[in-house]
Amino acid sequence: MTEVIKNYRNNNELRHSFNELAGKTFGLNFEDWYQNGFWGDNYNPYSVVKDGKVVANVSVNKTDMLIDGTVKHFIQLGTVMTDEAYRNQGLIRQIMEQIDADYGDAADGFYLFGNDNVLDFYPKFGFRKSKEYLYSRDIRQDGEFQFQQVIMDSPDRWKLLEDAMNRNIFHGRFDMVGNNELILFYVTKYMQESVYYHEPTDTYIIAETEGDNLFLHKVFTSTLKHTEQVIRLLGNAVNRVTLGFVPEDTENYEVSEFHGEDCTFFIKGITPDIMELEKLRIPSLSHA
């Protein structure tokens, strides 16, 4: 039986080997995230190591979710990969069994996002496909766009955003809590130009625009509690807003099913009633 190695992020040799496999498989590298101090206990690769080299991996991501005032302890699985020379040897199954042994009794459920070419793979481990949803609406309002863009290209700006995360009072109906490092993975790597700040209300938003359409991923604010308060600050520059989270009040929103490109949502141990009957979604910046 091959040993599964975990909790090794501070082992330079194994971390670099993990990054090498992630680079070959997904074009990912976690080294800058680690060096910047954002790789914490919430992200834990479970890896099979042969001759000092990571050859297979499934990463555990602790993503606690706040739903209607109650925290649910969810585990997201990601960075599932096997070196080409070691495939079809049951290594991922062994890792999955170890994760179940470690978290099966402690977690309220598991989820992952699988590539569409492996739809028959994850059901072997007890996962089932589930639907995802988008909330959006047209807006017509006066005034200027109130936010100033903040380029996330320096530790000082990262620290200001992280401080804002820690004093945040804004939450969607189904919202990740206690995992700032996953948000910082996005904004320090791929979304450096997607952060905006409104000083009078001490409000940061992480958003992407296309013409007069805005996709609002996340809100961090110490003063605003409602999505509509944030939307009013967008002014007439935005005619349609789509949310990367479920708003606390869905009455004025169109809700639609969506399927990410080459990305299927799987759940295990999470009642379908929570996700599908309530039309909830994993927040867009909670994907790892």
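The values are calculated or read from the model by the stated rules, or taken from the named source; none is laboratory data. Keep in mind the model is a prediction, meaning the values are calculated, not measured. Here the Cβ positions follow ideal geometry from the backbone for every residue, glycine too, while neighbour counts run over all protein chains shown. Calculation scope for accessible area: heavy atoms of the full protein, side chains included, ligands and nucleic acids excluded. Shrake-Rupley method; radii C 1.70, N 1.55, O 1.52, S 1.80 Å.
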Short version: ³J(HN,Hα) in whole Hz for each residue of the stretch 228-241, in order, from phi by Karplus 6.51 cos²θ - 1.76 cosθ + 1.60 (θ = phi - 60°), x for Gly and Pro, what are they?
-> 5, 5, 6, 4, 4, 7, 7, x, 8, 6, 10, 10, 8, 10
Measuring from its Cα centre, the stretch 32-103 shows a charge dipole (+1 at each Lys and Arg Cβ, -1 at each Asp and Glu Cβ) which, in debye to the nearest 20, is 140
Too long for a 28 Å Cα-Cα cut-off, among K6/K131; K50/K189; K159/K225, are K6/K131; K50/K189
Which percent of Cα-Cα pairs in the stretch 6-79 sits in each 10 Å bin, short to long?
-> 18, 49, 23, 9, 1
Rg and Dmax of the stretch 164-259, Cα atoms, in Å?
-> 13.1, 37
Using heavy-atom solvent-accessible surface (probe 1.4 Å) with all chains present, what is the largest-first order of D64, D105?
-> D105, D64
How do 82-88, 18-24, 278-284 rank on mean C-beta neighbours within 10 Å, highest first?
-> 278-284, 18-24, 82-88
What's the extension gain from Q192 to L119 if we count 0.36 nm per residue and subtract their Cα-Cα distance?
-> 23.0 nm
Would you work out what percent of the accessible area of the stretch 156-288, with all protein chains in place, is carbon or sulfur (probe 1.4 Å)?
-> 45
Selected from F265, F125, F38 as most flexible by GNM, with the chain as the system and alpha-carbon contacts under 10 Å = F125
Summed residue charge, Cβ within 13 Å of I67's Cβ, Lys/Arg positive, Asp/Glu negative | -3
Carbon and sulfur atoms: what percent of the 1.4 Å accessible area of the stretch 74-128 do they account for?
-> 40
Whole number in Å², please: accessible area per residue of the chain, 1.4 Å probe, ligands, DNA and RNA not counted.
-> 48
Could you check which residue among D51, D138, D108 shows the biggest mean-square fluctuation in a GNM of the chain with a 10 Å Cα cutoff?
-> D51
Quick one: net charge of V150's neighbours, Cβ under 11 Å, K/R +1, D/E -1?
-> -3
Lys and Arg at +1, Asp and Glu at -1: add these up for the other residues within a Cβ distance under 13 Å of L134 and post the number.
-> +2
